[in-house]
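A short worksheet on the structure shown next.
Throughout, read-outs are computed from the coordinates displayed, never taken from laboratory work. Keep in mind that what you see is a predicted model, and the values were worked out from it rather than measured. Neighbour counts are summed over all protein chains in view; Cβ atoms, including those assigned to glycine, are modelled from backbone coordinates with ideal geometry.
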Amino acid sequence: MWQERVSVQTVYRRWLTKRLRRYRLVKRPMLSAQQKLNRYQWANARVLWRANMWNRIAWTDESRIRLHSNDGRSRVTRERGERFRDDCIAKTVTAGGGSVHIWAGIWHDGRSEIQVLQGNVTGNSYIIVLQHFLNNNNNDKPENWILQDDNAPTPPCPSSQPL
């Protein structure tokens, strides 16, 4: 059992001498062994691709944009007693202030139109987005192009709705 008391400042000084400092945890998706294997196989199958093959891929994804966001990473340097000064406060909005979902695609020398998604993204709503993308003649997709989706899980495509 350790008998001596050590101050927090002493611990921090020791960390500094060892060039250690505190960082936030890095976030990344939890992947099963099968998902890791699938990613490895995908990359391994394309490791020898040349630019002409990569130029055929249309990369697509959807994203949620928060209208009023504070992820908690903002920092402020202030003196004691200045806690409630206006420039030391992060303003908040009830329930996060809402968000907008968008979808788009990019490829070697082009891009799709940004589509605003209504409500939560479901398999059926995603099919509608893809149908709009495929039927839109304004998108100058590459010849013999390949759609590369982000592979998010979606329900199976109903057979009555052709892509």
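Some notes on this structure:
- If you filter the stretch 40-64 down to residues that are of a type in the set (S, T, N, Q) and under 26 Å from the mean Cα position of the chain (by Cα), you find that the one that is surrounded by the most Cβ atoms within 10 Å (Cβ to Cβ) is THR60.
- Residue within the stretch 7-16 that is under 30 Å from THR122 (Cα atoms), surrounded by 10 or more Cβ atoms within 10 Å (Cβ to Cβ) and hydroxyl-bearing (Ser, Thr, Tyr) present: no
- Of the candidates LEU37, LEU31, LEU67, the single residue that is closer than 30 Å to VAL129 by Cα, free of Cβ contacts under 8 Å to residues at least 24 places away in the same chain, surrounded by 10 or more Cβ atoms within 10 Å (Cβ to Cβ) and within 20 Å of the chain's Cα centre (by Cα) is LEU31.
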